[in-house]
Amino acid sequence: MSAALQVERLEVRRGALCLLQVERLDFEPGRVHAVLGPNGTGKSTVAGAVAGLVRPGSGRIAVGGRTVFDDATWVPAHRRRVALLGQTARLF
């Protein structure tokens, strides 16, 4: 079974500062996955890169077998099949 989401050798930098380095993440369809860690470890940055809100400097992201980011490909957020939800519930 192929992964629904694959992240490989992902790196996000801001100038000389490396914000994130991910060697590999594979999320299989039909399973529940969690990205856990203390504040400042890059969980939101990974989610933003997958959703297309943060542009990585290098690596590869594939959603449903379709590459949405690599050295030659950038699919904008509005064309990806990924939803990013906040963690704050608001009554309106």
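From the list GLY48, GLY42, GLY52, GLY59, pick out the single residue that is in contact with a His (Cβ under 9 Å, 6 or more places away or on another chain), of a type in the set (Gly, Ala, Ser) and surrounded by 15 or more Cβ atoms within 10 Å (Cβ to Cβ).
GLY52
Which of the residues belonging to segment 23-52 are among the acidic types (Asp, Glu) and in a strand (DSSP E or B)? Spell out how you get there, then give the answer.
Within segment 23-52, the first condition is being among the acidic types (Asp, Glu), and the residues that meet it are 23, 26, 28.
The answer is GLU23, ASP26.
If I ask for residues that are open to solvent by 40 Å² or more (accessible area, probe 1.4 Å) and hydrophobic (A, V, I, L, M, F, W, C), which ones from segment 67-81 would you list?
Across segment 67-81, the qualifying residues are ALA72, TRP74.
Please specify each residue of segment 66-92 satisfying the condition of being modelled with pLDDT under 85 and closer than 19 Å to ASP26 by Cα. Quick ask: steps written out before the conclusion?
Step one: list which residues in segment 66-92 are modelled with pLDDT under 85, which gives 81-92.
Listed by number, the residues that qualify are ARG81, VAL82, ALA83, LEU84.
If only one of VAL12, VAL35 is at negative phi and at pLDDT 90 or above, which one is it?
Within the list VAL12, VAL35, the selection yields VAL12.
For segment 53-92, how many residues are outside any loop (DSSP other than H, G, I, E, B) and hydrophobic (A, V, I, L, M, F, W, C)?
Final tally of qualifying residues: 7.
The values are calculated or read from the model by the stated rules, or taken from the named source; none is laboratory data. Only a predicted model underlies this, so the values are computations on that prediction, with no experimental measurement involved. All Cβ positions, even for glycine, are placed from backbone atoms using ideal geometry, and neighbour counts span all protein chains on display. The protein model used for the area step is the full one, side chains on, heavy atoms only, and it has no ligands, DNA or RNA in it. Shrake-Rupley method; radii C 1.70, N 1.55, O 1.52, S 1.80 Å.
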